[in-house]
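> Take this structure, written in structure tokens, and hold onto it; I'll ask about it next.
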Amino acid sequence: MAIPASLQKGLKLPAIAAPMFLVSGPDLVVETCNAGVIGTFPSLNQRTTEGYREWLQEIKSRLNPDAAAFGVNHIVHPTNPRLMADMMVSVEEKVPLIITSLGAVRDVVDAVHGYGGVVFHDIANVRHARKAAEAGVDGLILVANGAGGHAGVVHPFALIEEVRTFFSGTLILSGCISTGRDIAATRMLGADFAYLGTRFISTDESMAQQGYKEMIVEAGASDITYTPAVSGIPANFLTPSLIANGIDPKSLPDHKLDMADEAKAWKTVWSAGQGAGGVHDILPTAQLVARLKSEYRQAADDFAKADTFV
Ligand SMILES: Cc1cc2nc3c(=O)[nH]c(=O)nc-3n(C[C@H](O)[C@H](O)[C@H](O)COP(=O)(O)O)c2cc1C
């Protein structure tokens, strides 16, 4: 269990604001990092590789000297034609944290290690975790049941326990983490970092539409539908947004609906995890992080003082 030294700089809470398609951009990343939590975004949130480079340069110019590190997500899959070009920009700009999805590849890991960067890879099952460990990644993001986006179906306790038996790198737990108390619980489970997606959608700086942010505030776990119909891969979506797009959540196919391209699908049908039930407001990111820190400390104090079994 360890947080890589290069990611400890400026870190005030063991948490990462997860990369989210069409949601995370420079404003969210800068506010998150300046508040002491690692901020991230998918390179594909910019339409071109050049645009991606501009975002990196903007982010670097807006970070305070004592900001936490930032990271970028790359989809490592043949369906991503920008992978090589975007990766070259990441190497040139020395992005501190690279988050790979779908494919864990030794060449990518070596390229990032070459400039002193760190690679975390996200997995939703133990088989993929083993493959990524073999590719030499520094950390594994365990995407558990109920997470926003392409979620897994394994319970977080089960996932972390199994992965720990063969992987000694950094462990990052993802799925339904919405409060500082939840972050403390992930540390209690032996994770190094908590990975928060849904909670950061409902912030002033996220790029999500206002109606999307509000729908998360209104939603509970029972308003989330897990289906491959939107993206081809099973993912969690806000049931009211399926209904708003004329999709009946009670009769979903087990394959992708004909919904134009991926970006259009995610723009109209909104993804969130079951942790939406723990999101009660839309607020500035700096305030959210301050609250997460105080809840984290309170949870640790409560445990130390009030748990009579310790
Ligand atoms: C709207 C949305 C878009 C997402 N897009 C991506 C993405 O582009 N790349 C990625 O690695 N993960 C993506 N994710 C998954 C998150 O990085 C993270 O694993 C997840 O949101 C954590 O679960 P939580 O939402 O319950 O906190 C997305 C999640 C959401 C909600």
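The values are calculated or read from the model by the stated rules, or taken from the named source; none is laboratory data. The structure displayed is predicted, hence computed values, not measured ones. Backbone-built Cβ (ideal geometry, glycine too); neighbour counts: all protein chains shown.
> Could you check segment 32-59 and list, in sequence order, the residues that are away from the ligand (no atom under 14 Å from the Cβ) and either outside the structural domain of Ile183 (by TED's automatic domain parsing) or touching a helix residue (DSSP H, G or I) at 6+ places or on another chain (Cβ under 6 Å) (or both)? Explain how you work it out, then say what you get.
The initial filter retains those residues of segment 32-59 that are away from the ligand (no atom under 14 Å from the Cβ), namely 33-36, 47-51, 53-59.
Once the filter is applied, which keeps residues that are away from the ligand (no atom under 14 Å from the Cβ) and either outside the structural domain of Ile183 (by TED's automatic domain parsing) or touching a helix residue (DSSP H, G or I) at 6+ places or on another chain (Cβ under 6 Å) (or both), segment 32-59 yields Ala35, Thr49, Arg53, Trp55, Glu58, Ile59.
> Filter segment 230-264 down to the residues that are touching a helix residue (DSSP H, G or I) at 6+ places or on another chain (Cβ under 7 Å), closer than 20 Å to Asn145 by Cα and among the small types (Gly, Ala, Ser) and list them by number.
Ser231
> On to the next question. Give the residue, chosen from Thr225, Thr179, that is surrounded by 16 or more Cβ atoms within 10 Å (Cβ to Cβ) and assigned by TED's automatic domain parsing to the domain that holds Glu31. Steps first, answer last, please.
Values: Thr225 fails: assigned by TED's automatic domain parsing to the domain that holds Glu31.
Just a single option satisfies the conditions, and that option is Thr179.
> OK, next. What number goes with the only condition from (1) surrounded by 14 or more Cβ atoms within 10 Å (Cβ to Cβ); (2) modelled with pLDDT under 95; (3) not polar (S, T, N, Q) that Asp192 does not pass?
(2)
> Just name the residue that is farthest from Ile16 (Cα to Cα) out of those in segment 64-82 that are buried (at least 18 other Cβ atoms within 10 Å of the Cβ) and away from the ligand (no atom under 13 Å from the Cβ).
Out of the qualifying residues, it is Ala67.
> Checking the structure you have, find out if any residue of segment 106-128 is out of contact with any Asp or Glu (no Cβ under 7 Å at 6 or more places or on another chain), within 13 Å of the ligand (Cβ to nearest atom), assigned to a loop (DSSP other than H, G, I, E, B) and modelled with pLDDT of 95 or more.
Taking every residue of segment 106-128 in turn, at least one turns out to be out of contact with any Asp or Glu (no Cβ under 7 Å at 6 or more places or on another chain), within 13 Å of the ligand (Cβ to nearest atom), assigned to a loop (DSSP other than H, G, I, E, B) and modelled with pLDDT of 95 or more.
> Looking only at segment 270-305, which residues are in contact with a helix residue (DSSP H, G or I) (Cβ under 8 Å, 6 or more places away or on another chain), buried (at least 23 other Cβ atoms within 10 Å of the Cβ) and under 18 Å from Asp223 (Cβ atoms)?
Trp270, Ala272, Gly273, Gln274, Gly275, Ala276, Val279
> Which fully enclosed strands (runs of 3 or more DSSP E) of segment 1-98 have 1 or more residues being in contact (Cβ under 8 Å) with a residue 24 or more places away in the chain and on the phi > 0 side of the Ramachandran plot?
Values: elements: 15-17, 38-42, 70-75.
Correct list: empty, since no element meets the threshold.
> Hey, among Leu242, Leu292, which residue is among the aliphatic types (A, V, I, L, M), under 25 Å from Ile38 (Cβ atoms) and at pLDDT 95 or above? So that I can check it myself, show each step before the final result.
Working: Leu242 fails: under 25 Å from Ile38 (Cβ atoms).
The match here is Leu292.
> Then there's this: Is it the case that Thr179 is under 24 Å from Gln298 (Cβ atoms) and within 10 Å of the ligand (Cβ to nearest atom)? Break it down stepwise before answering.
Numbers: under 24 Å from Gln298 (Cβ atoms): yes; within 10 Å of the ligand (Cβ to nearest atom): no.
The answer is no for Thr179.
> Separate question: Can you name every residue in segment 1-31 that is more than 13 Å from the ligand (Cβ to nearest atom) and either at pLDDT below 95 or of a type outside the set (A, V, I, L, M, F, W, C) (or both)?
Met1, Ala2, Pro4, Ser6, Gln8, Lys9, Gly10, Lys12, Pro14, Pro26, Asp27, Glu31
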